[in-house]
Amino acid sequence: MYQIKTTHRFDLWFDALKDRSAKARIQMRIDRAESGHFGDCEPVGNGVSEMRIHIGAGYRVYFKRSGTEIIILLVGGDKSTQANDIKTALNLAQELRIKNEYIRITQLGFGRASQDGRRHVAIFGCMF
């Protein structure tokens, strides 16, 4: 059993879908993925996979597994926006990886404490 999490970008896309039958089918696929049944999926790189929903415009949901219990729905789209959606999903996955690494490091107590007591860590030359 997986826990499903979504990005704000995915939520905006899903909420904006006007085709109610397509929206219901997409939700059904997400529900099945929550149970571990992913159906027609293909990896697109760097741990991101494309869930293909064969209805209407050929909808796609891009997701990443985080550990063994969490699935993060990154972005959605259809066949016409596929190339751009894959780039966006890969970028979002990279941002999540960096944020998760930052959280892990700060939870371990590394990093420097600022005057306000919070810890900051430099990752790839950027301060968070």
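What follows is calculated from the coordinates using simple rules that are stated; it is not laboratory data. Keep in mind that this is a model prediction, so the values were computed, not measured. In this analysis, Cβ positions are derived from the backbone assuming ideal geometry, glycine residues included, and neighbour counts consider all displayed protein chains.
Arranged from fewest to most other beta-carbon atoms within 10 Å of their beta carbon, 74, 17, 92 become 17, 92, 74. Fewest-first ordering of 62, 2 by other beta carbons within 10 Å of each residue's beta carbon gives 2, 62. Net length available on complete extension from residue 32 to residue 18 is 2.8 nm, with 0.36 nm assigned per residue and the Cα-Cα distance removed.
Summing charges over all other residues whose Cβ lies under 14 Å from the Cβ of residue 27, with Lys and Arg as +1 and Asp and Glu as -1, gives 0.
Which of the aspartates and glutamates could be linked to residue 87 by a straight reach, that is with a Cα gap under 13 Å, when you skip same-chain ones fewer than 8 residues away? Leaving aside aspartates and glutamates fewer than 8 places away in the same chain, those within reach of residue 87 are 50, 95.
Determine the alpha carbon to alpha carbon distance for each of 79/99; 64/99; 18/99; 5/99; 23/79; 5/79 and list only those over 21 Å. Table pairs above 21 Å Cα-Cα are 79/99; 18/99; 5/79. The GluC sites (Glu not before Pro) of segment 1-92 meeting both criteria, a DSSP state outside H, G, I, E and B (loop) and at most 12 other C-beta atoms within 10 angstrom of the site's C-beta, are 69. Averaging the sequence gap over all C-alpha pairs within less than 8 Å and six or more residues apart, then dividing by the number of residues, gives segment 8-90 a relative contact order of 24 percent. Shape analysis of segment 24-85 places it in the oblate category; the axes a ≥ b ≥ c from the Cα gyration tensor give an a/c of at least 1.5, with a/b not above b/c. The Cβ shell under 13 Å around residue 37 holds other residues with a net charge of -1, Lys and Arg each +1, Asp and Glu each -1.
For segment 1-34, trypsin sites (Lys or Arg not before Pro) are listed when DSSP marks them as loop and at most 12 other Cβ atoms sit within 10 Å of their Cβ; the list is 18.
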